[in-house]
Every structure is written in structure tokens, then in C-alpha cells.
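This report concerns only the one structure given below.
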Amino acid sequence: MSVLYIVIPLAVIFAGVAVGAFIWATRQGQFDDVDTPKHRAIQDDD
Amino acid sequence: MPVDSIVTEHIAACAHCGEPVAVRGPHPPEAEHYCCSGCETAHAVIRSCGLDRYYALLREDAPTDARSRGTGRAYAEFDDPMFRSLHIKRGGGGVCWMDLFLSGVHCAACVWLVERLPRVVPGVLEARLDLRRAMVRVVWRDDQTRPSAIAAALDRLGYAPHPARDGAARAARKQDDRAALIRIAVAGACASNVMLFALAMYAGLFDTMDPRHAGFFRWMSMGGTLVSLLWPGRVFFRSALAAIRARALHLDIPIALALFAGGVWSVFTTIRGHGEIYFDTVSVLVFALLVGRFIQARQQRWSGDAVELLFSLTPTSARRVSPEGVLDVPIESIAPGDILEVRAGDSIPADGEIVEGTTDLDEALLTGESRPVAACPGTSVSAGSTNLSGMIRVRVRATGEATRVGRLMRLVEEGARRRAPIVAFADKASGWFTAGMLALAAITLIAWLFIDPMHAVDHAVALLVVTCPCALGLATPLTLSVALGRAARRDILIKGGDAVERLATPGVIFLDKTGTVTLGSLHVRRWAGDQAARAVAAALASGSAHPAARAIAAFGPRDPRLVAADLRETTGGGVSGRVRGEPVVIGSGRFARSLGLDFSADMQAAEASLIADGLTPIAIAVGGRVVALAGLGDAVRPDARDAINSLRRLGWRVEMLSGDHPSIVAGIAAEVGIDPALARGGLSPEDKLAAVRFAAARERTVMVGDGVNDAAALAAAGVGIAVHGGAEASLATADIYLNRPGLTPIVELVLGSRRTMGVIRRNLAASVAYNATAGALAVLGLVTPIIAAIVMPLSSLTVLFVSFRSRSFGERP
């Protein structure tokens, strides 16, 4: 069971990376407007 | 003169907006038709830039609104240095950007079209539209194009641009939003990981777990919880401390107490190596509370944003007369002594005196007087009045803050400051709550010291954790934000939840007359004389923009075969022309007499009776003889009577306050069923404010109004409601804005508020009952960490479910 001492900290590090990515995305303004991009995605013809 | 030629006619769809257009004469079937020149311009621009796909997208989308049209202005004021310093930001390398609010964007096709702006205006690098806020950010190279060219291009596409105001406040709100999202993300990640450890440990309670592993799990949960408490959870401690320092009651005090007790005791038992831990419950509490707060804040923000957009619609430019000619300049750059040109239909941007030209002014916004006032050189004019008929030049005496409107706005701010803030029930209860929690915890601690001293502190801490008023704190804001969201979908924009609370119990409701109970514009109320002259008069009147002529044109009936020719308009008099070859005149009695028209005794008697009834008589003469008189007046909104009756049935006393002449006010009051004794006329804005203050000191007071003259009263009332089409000042100070014409929304609002408060009370009762039960169990020592972890979120979920299930404001019919 001592594998837990490696796996769990590893999982926590992964979670930390995910949270870090979210914080980065938020600071970039990715969540400022969640309504318009859905219209943009299907229309990009050029 | 061939004025009455018979023309063939059929109905075609406008190539841009799709509205029906009457097409005269023979035509090739493939020809395109337009309902107005604005649509024609927009269509031409879209075509020439190869953006035809817009129409295909539009068909897919099938929007319900009509496409908007531009104004055809040149937007020269966008190039003024003052405008640049106010609204345009400079990046590196000659790149500039500005935020513009666009009127008329509503669908996916609009997003597509607006974001193709770089193809329409060379030099524009990017245009990004935020559909919800109707805000576009345009980035361009300053050496390749000018701001006025960008604005004019957007206008030609059919989206009139307005510089967005309050950029700093918007940026600050954006930062707040981002910070809240980050807090939720961190709290969520901590809570879910701590829950996983907790699950493992709960499973380990039943099996046998290696004590070394158990210890490891405890330390891991402690790490997650400490991160959650010290980073996102800090907001609760900070706000509780601030409340304690200000000696105010706040629900964050008992919440912070529970988080603190649970956290500190669990850290202690973890270090000690044995005892109960509450890390899972504490971290889930932080997460749930943050989510609840975010939902609430976002809802209020949406309503605030919507009102702000309406704000940006007010004119921001003036036409200054200078030696180089007449220039559009931003309103901020005009100074006393400047000469401004004000065209018919524009609003007057500053206080001053007319130096040239005669016209009629609509001062309803300021005085509540619904009838146009004649003005000539020497007449003083106030900012906020609308110039109705002729072009005038005005010498500026005062601008901005110093104008009459500016002084009124200071009264408004004062009115808003004087209003006592409403203390939410949950905050009021928090004092009792904290005292109760601490007393119960002390009793539990002392009692268990005698029964089982080993577990006494455990039980006391369990009590503090399970009585955390998390559901209580969520109940009110969640229910309110659901109600606010549903109301907004019904075009009722509520700025804050306290207005809902105040509207739930009846009191007195003051209605403004002009623009609130009435439509606020001229309509034909009575027609005396030849009915056949109506169509002839309508044909002639449709050629003029004067409100009186527009009223007669709208009264109709419109006959497409009748076309007016030789149209001539006399400022302050009337319109003359020819219909079917016959001379026709529409104008005031004075104008008709000055032309020497045949004014029979019958017609003169009819004119006198119209004046006696408070209507403005307009003479219609055909072939040199006055054949009919139109009595113009302000018309009551069609739903006013029913709405006022409903309000009265709901227990409200309905009164009317107006700046208009008392006899007119009494007439309107009788028409809508308000006791004439409760309808007061001839009131100045200051009188209105005094009346509302007097009532507000005694009972629940609601003020409904639309104009600058109501703004101070709106701010002073318990709840201020601004109606559709109201002035900027009334928008700023009102708690609620009705984005739909008529008074029916007020009835919906009162009913909805009542239902919302019912739901809130049920929610509060449920959460208090839950806390009492959990507290009793904890005193008996029956609450273990696993029970706390299960029951705690359950209470919040109950509140969530009740809030979203409730029918506070019904769905749109």
C-alpha cells in the first residue's frame, strides 16, 4: 500500500495543474463572455 | 399638376429588413425594394463588401425583431480631441481601440456581420462583439482610418454606435467576476479532493485501516482544507471581521465562526493524532457558499448591465457653430458662450438662450407639461428639452452639472443617500444565531465534561459545524436571483433584491402622469367636423415631422392613392399643400386665420369646446374652408385603467403626481379611475420630491415615473420604478426599469414580489428548522463527522431546489 504515498501526491499535483490552467484561462478573459463564441464557431467561413 | 395619378400597387418585402413595402408602378419582378433609405444603404454596403452571407444566416436564425437601421449621421464628433481622450485607448505601434455600444444587435447573424468590419473599413484590425452586452471592441491602425469612419460604417450596416460609458467601472466588475471564478475553482478543487480522502476514511472506519495510512489521509485532507480556508474562504473571515469592527450584524459572523471552529479543532486533532475531523464538511461549505454568492452577484450584474446600455443611448454630441462652420463635437467640450445649432427632433444639450430661429419645444421631461411650448429668440431653454419643429441656435449659459438638470441630479443623489438601507432578514437574525450557537456550544461542552470529558470538545465543535447557517445564507439570495432572472426575461429589470422585499407588502404608489399613465406624445383625441377630411389630412400630414402632424397622420385612415404635393411647412403655424389638386392646410387656429381661410361659426364653437376640454385644436382646411378640427392631447395608455384597478385590488393606494396643469391631471385621473382628490397637478420636481418624502416617512412608498422631473422622487421613494422610454436620470436613480411599455408590468412586479417573498419565508423556515434539529442532535452527542458531512449539503440542496422550483415571476406568455 505504500504506493499510495506516491500516487496520491501525484493526483494532487495533477489537480493543482488543472486549477492552475483554469486560473490562467480566467485571467486571459476566456470566461468574460460565454454567449458570443457559440455563434462565432459555426460561422467562421474565412 | 399630376398629383392624383392612379398607380398600380403591390406589397413587396424590403430587401434588407423584410418589412412590407408598398411598391408603386410597374416593376421588374427581380428588382429590390427598400422600406427606407437606411435599409437601402445597409443593403448596398453589405453587398459591396461581399457580405451577402448575412442574409442567409439571418434566415437560419429567424429573428423575431425587425432588423435595425442606421441614422445616416457622419459621427464627426468621434474625431474631436476631447472624444479621443475620453473614449479611445491607445496601444503600441499606432494601434487604437474603443468600446462601442451598438443598438440593434440581437442574433448570430449580427455577430457575423459586425465582426466582418475589417472588410468594410480598411485599417480596422479586429471587431469583437459581446452579444449579451451589445458591446463591440474595435481595434484599428490610427494612420489608416479615423474613428468617425468606423462609427459611420457601423451605422451604415444598421447598428448605430454609441460610445460606451463608465469604462473604469466595467473593468472593475470584470476583475471582480474573474476573482470570484478563481475562488470557486480553487474551493471546488479542494472540496472534491478532501471529499475523496474522506470517503476513503469513512470506508476505512468499517474495515481496518493501517493507522499510518489513516494518518496520511488526515494530513492530506488538512492540506486541502487549509488551502480552501486561507485562500477562497478568506472572504468570509474578512467580511465577518469587518462586520464586527463596524459593530454591525452580518450572516458571515456565524458562518466564519463555524468554519473557524471546525477548521481549528480538526487541525488540532490531526496533529494530536486522534479525534474527529471535519475537513470535508468545512471545505464543501466554503465551495457551496461561494457558488451561491456568485449566482447572486451575476444576476444583479446582468440587470445593471442592461440598464447601463440604455444609458449609453442618450446623445453625446452637440453641433457647435464656429467660424469654420457647424461641427459635431462631444458634449463634454461645449462651454458657456458657445453657440449651438439644434435641429428639429434633437434634444437641447445645455441650458441657454435662443439667439436665432423659432420653434416648439417639448419640455415634458423637465416639467411634465405635455403640450409643446412655443419658443423664439430670447426664450430660455433647458438641457433635456426636445426641439420639435424648427432649427434654432442657442447661446450656452450653463453646461453639465450647472444646468437645471444637473442641479436636479444633485437632489437625486441626496434623495438616494437619505434612504435607509434595508437590512436583510438573514443579517438581522445573525446576531441571535451567533449568540444561540455559542450558548448551545457552551452548554454542550459543560454537560459533556460531566458525562464523557474525552469527547466534550468533539461534541461542542460538531454543534458549531452543523449549525452553520449555510442554508439560511443561501435561501434569500438564491430565491431573489432566480426571481430577478425571471423578471428580466419579462423585460422587468430589477437592480437589487431589496426592491422585491419592499414591493411585497402594500402601501402607496405614486404615478407620474405624462409618459407613465399617458403615452407622453400627442394623439388625436377628438375629431370635429367632416370625417372624409381625415384621409386628406393624413396624406398631407405624413409629409411633416412635427408631432402634431405625426399624430394626425397616425390617426389616418391612410389612403395610398392620396399623395400630397407642393408641401410647405411654416414653423409655429402649420403645413399646407395640395391633395388631389385641391389646396389643403393643417395648422393652428391662428395660422388658419392668418391665411384668411373661411372659419365658420360652427367650427369656431367646436374649437372653443376643444380648448375647454384641455385639448389643442388643429384646423383642417380643404379648398380654402375649415372643414374639420382635430383635438390633440396626450392619450391614456390602453392598459392603465386595468392595471390601476388591479393594483388597488392588491391593497395599494394609487395616487397621481404631475407637473401638468391641475385641470388636465384631474381629467386623466377620472379617465383611469383614480380619485381626483388623490391626483395632484402643477407640481415642480421639488414638490414631487417633498410629497414622496412625506409619504416615505410614514409608509411603504413606490414612485413610478419617466422624466428628469421624477428622478429625485424616484430616488427618495422606497422603490422607484422607471417606465419604458424614460429619461436617463430616471434610469439612473430607479431601482427597477420596465423595458416594456404600459403599466401591466407593475402589476406583474407586485404579484411576483409577493410570491418571491413567500418562497423566501418558506426557505428560511426550512433552514432554521434544519439547524434546530441538527443542533439538538449535536447537543445529545449524536452528530459524527459523517453525519455532518451528509446533512450539511442536504440542507443547502433543499434550499436550492425550492428556489428554482418556485414560480416567482411566471414565464413569458
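Observations on the structure shown:
- Some residue of segment B:376-387 being at pLDDT 80 or above and over 26 Å from B:His661 (Cα atoms): no
- Residue check for B:Lys495: closer than 23 Å to B:Gly673 by Cβ and in contact (Cβ under 8 Å) with a residue 24 or more places away in the chain: no
- Residue check: B:Cys96 meets all listed conditions (1) closer than 28 Å to B:Tyr55 by Cα; (2) at pLDDT 90 or above but one, namely (1).
- Count of residues meeting criterion [in contact with an Asp or Glu (Cβ under 8 Å, 6 or more places away or on another chain), in contact (Cβ under 8 Å) with a residue 60 or more places away in the chain and of a type outside the set (Gly, Ala, Ser)] in segment B:175-199: 4
- Of everything in segment B:88-104 that is among the aliphatic types (A, V, I, L, M) and surrounded by 22 or more Cβ atoms within 10 Å (Cβ to Cβ), the residue that is farthest from the other protein chains (Cβ to nearest Cβ) is B:Met98.
- Scoring B:Leu743 on the criteria (1) within 22 Å of B:Cys468 (Cβ to Cβ); (2) within 24 Å of the chain's Cα centre (by Cα) leaves a single failure, condition (1).
- Of the residues making up segment A:23-33, those that are at the interface with chain B (Cβ under 8 Å from one of its Cβ atoms) and either within 10 Å of the chain's Cα centre (by Cα) or on the phi < 0 side of the Ramachandran plot (or both) are A:Ile23, A:Thr26, A:Arg27, A:Phe31, A:Asp32, A:Asp33.
Rundown of residues vs (1) in contact with a Gly (Cβ under 8 Å, 6 or more places away or on another chain); (2) surrounded by fewer than 24 Cβ atoms within 10 Å (Cβ to Cβ); (3) not in a helix (DSSP H, G or I); (4) not β-branched (Val, Ile, Thr), yes/no style:
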residue	(1), (2), (3), (4)
B:Gly431	no, yes, no, yes
B:Leu440	yes, yes, no, yes
B:Leu463	yes, no, no, yes
B:Leu480	yes, no, no, yes
B:Leu484	yes, no, no, yes
B:Thr505	no, yes, yes, no
B:Gly515	yes, no, no, yes
B:Leu522	yes, no, yes, yes
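- Condition broken by B:Ala15, with the remaining ones in (1) at pLDDT 75 or above; (2) within 14 Å of chain A (Cβ to nearest Cβ) satisfied: (2)
- Against the numbered list (1) in contact with a helix residue (DSSP H, G or I) (Cβ under 7 Å, 6 or more places away or on another chain); (2) buried (at least 22 other Cβ atoms within 10 Å of the Cβ), B:Leu650 comes up short only at (2).
- Residue list for segment B:629-647, filter: in a helix (DSSP H, G or I) and crowded, with 18+ Cβ neighbours inside 10 Å: B:Ala640, B:Ala643, B:Ile644, B:Ser646, B:Leu647
- Any pair with Cβ under 6 angstrom, 6 or more apart, that starts in segment A:1-22 at a residue that is facing chain B (nearest Cβ under 7 Å) and ends at one that is of a type outside the set (A, V, I, L, M, F, W, C): A:Ala15/B:Asn193
- Within segment B:271-286, the residues that satisfy the criterion of being touching a Ser or Thr at 6+ places or on another chain (Cβ under 8 Å) and either hydroxyl-bearing (Ser, Thr, Tyr) or free of Cβ contacts under 8 Å to residues at least 12 places away in the same chain (or both) are B:Tyr278, B:Ser283.
- Test: residue in segment B:142-153 that is within 12 Å of chain A (Cβ to nearest Cβ), within 26 Å of B:Ile331 (Cα to Cα), in contact (Cβ under 8 Å) with a residue 24 or more places away in the chain and not small (Gly, Ala, Ser): no
- Among residues of segment B:37-57 being surrounded by 16 or more Cβ atoms within 10 Å (Cβ to Cβ) and not in a helix (DSSP H, G or I), the one that is farthest from the other protein chains (Cβ to nearest Cβ) is B:Cys49.
- All positions within segment B:218-240 that are crowded, with 23+ Cβ neighbours inside 10 Å and within 12 Å of chain A (Cβ to nearest Cβ): B:Ser221, B:Gly224, B:Ser228, B:Pro232
- Some residue of segment B:220-230 being more than 30 Å from A:Gly20 (Cβ to Cβ), without any contact (Cβ under 8 Å) to a residue 12 or more places away in the chain and not in a loop (DSSP other than H, G, I, E, B): no
- Test for B:Pro254: is it crowded, with 17+ Cβ neighbours inside 10 Å, in contact with a Leu (Cβ under 9 Å, 6 or more places away or on another chain) and farther than 27 Å from A:Gly20 by Cα: yes
- Selection from segment B:231-254 of residues that are closer than 30 Å to A:Ile13 by Cα and touching a residue at least 24 places away in the same chain (Cβ under 8 Å): B:Trp231, B:Pro232, B:Gly233, B:Val235, B:Phe236
- Screening B:Ala172, B:Ala134 for residues that are within 14 Å of chain A (Cβ to nearest Cβ), without any contact (Cβ under 8 Å) to a residue 24 or more places away in the chain and either in contact with a Gly (Cβ under 7 Å, 6 or more places away or on another chain) or not charged (D, E, K, R) (or both) leaves exactly one candidate, B:Ala172.
- Among the candidates B:Ala214, B:Ala180, residue that is part of a helix (DSSP H, G or I), modelled with pLDDT under 85 and within 14 Å of chain A (Cβ to nearest Cβ): B:Ala214
- Unique match (being at pLDDT 85 or above and over 19 Å from B:Ser481 (Cβ atoms)) among B:Val791, B:Val702, B:Val719, B:Val759: B:Val702
- Residue check, A:Thr36 modelled with pLDDT under 90 and within 7 Å of chain B (Cβ to nearest Cβ): yes
- Of all residues in segment B:567-612, those satisfying the criterion of being surrounded by fewer than 16 Cβ atoms within 10 Å (Cβ to Cβ), in contact (Cβ under 8 Å) with a residue 24 or more places away in the chain and at positive phi are B:Arg580, B:Gly581.
- Residue check, B:Ala666 assigned to a strand (DSSP E or B), farther than 25 Å from B:Val750 by Cβ and touching a helix residue (DSSP H, G or I) at 6+ places or on another chain (Cβ under 6 Å): no
The values are calculated or read from the model by the stated rules, or taken from the named source; none is laboratory data. Note that the coordinates shown come from a computational prediction; the quantities given were computed from them, not determined experimentally. Cβ sites come from the backbone with ideal geometry, for glycine too, and all protein chains shown count toward neighbours.
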